[in-house]
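Here's the structure we're looking at; comments come further down.
The values are calculated or read from the model by the stated rules, or taken from the named source; none is laboratory data. For clarity, every value in this text was computed on a predicted model and none was experimentally measured. No Cβ is skipped: glycine too gets one built from the backbone with ideal geometry, and neighbour counts run over all protein chains shown. Ligands, DNA and RNA are excluded from the accessible area calculation, which covers all protein heavy atoms including side chains. Shrake-Rupley method; radii C 1.70, N 1.55, O 1.52, S 1.80 Å.
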Amino acid sequence: MGTLVLIFTVNFVYITLNTIRFMLTMKGYRNLAPLISMVEITVYVVGLSLVLNRLDNIWNIIAYALGYGVGVRVGIWVEDKLALGYIMATVILPNTDSPLPQVLRNNGFGVTQSRAEGLEGERLVLDILTPRNQERRLYALVNEADAKAFVITYEPKYISGGFWVKRVRNRRQK
């Protein structure tokens, strides 16, 4: 039983680190990702050797697979809690006189607004770049102001110009 727990734990730790390292790499954390990968690969070699030396026991393989699956889930959860990186939100409002742009600005969000033509007439379009850890707060403010707002978010890969550039560059270099 102790070996099964050890196999599960080692693979759980390995895959959690693997998931976090991958997400850090994708978000441009060039110094932290390699450090995590060194720990990750060490844990991987230990875990794999535990299973390969005992392939005759199906429970070892099951423990390894279970640790893998749980590690992926926990890695995603940790990354979600860390909320690394930035999101770009486009909010389309049916009311062109909406107070939402000012509400967002008063709450520290940078907002670029424009008018657009939709199927049913003129719309107000807001473009908002914000750290991911502010995403839920942004959704709450938008929903509170206009529950009919159409919101699209995505993670920008490259950001250039504007007042966010210094903040983004400083954070990526860390």
* Of the listed peptides 117-130, 9-22, what is their order by residue-averaged count of other C-beta atoms within 10 Å, with the highest listed first? -> 9-22, 117-130
* Cβ-defined net charge surrounding Ala89, 9 Å radius [Lys, Arg +1; Asp, Glu -1] -> -2
* Assuming 0.692 mPa s and 37 °C, estimate D for segment 49-131 with Stokes-Einstein, Rh taken as the Kirkwood radius over Cα pairs, in µm²/s. => 193 µm²/s
* **Accessible surface, the chain, averaged per residue in Å² (probe 1.4 Å)** => 62 Å²
* Apportionment of accessible area to carbon and sulfur, the chain, percent (1.4 Å) -> 60 percent
* **Net charge of Cβ neighbours under 11 Å - reference Val111; Lys, Arg +1; Asp, Glu -1** => 0
* State, as an integer percentage, the relative contact order of the chain based on alpha-carbon contacts under 8 Å between residues 6 or more apart. => 25 percent
* Exposure rank, largest accessible area first [Asp56, Asp146; 1.4 Å] -> Asp56, Asp146
* Lysine pair count for the chain [Cα-Cα under 15 Å; pairs on different chains or 8 or more apart] -> 4
* Structure fact -> Mean Cβ-within-10 Å packing, highest first, puts peptides 105-112, 25-32 in the order 25-32, 105-112
* Listed residues Ile152, Leu126, Trp77: farthest to the positive end of the dipole of segment 26-174 (Cβ charges) -> Trp77
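Please give the net charge around Asp146, taking every other residue with its beta carbon less than 12 angstrom from that of Asp146, where Lys and Arg add +1 and Asp and Glu add -1.
So the environment of Asp146 carries a net charge of 0.
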* Packing-based order for 65-72, 47-54, using average beta carbon neighbours within 10 Å, highest first -> 65-72, 47-54
* If one puts a single equal scatterer on every Cα of the chain and applies the Debye formula without solvent, what log₁₀ I(q)/I(0) results at q = 0.15, 0.18 Å⁻¹? -> -0.87, -1.06
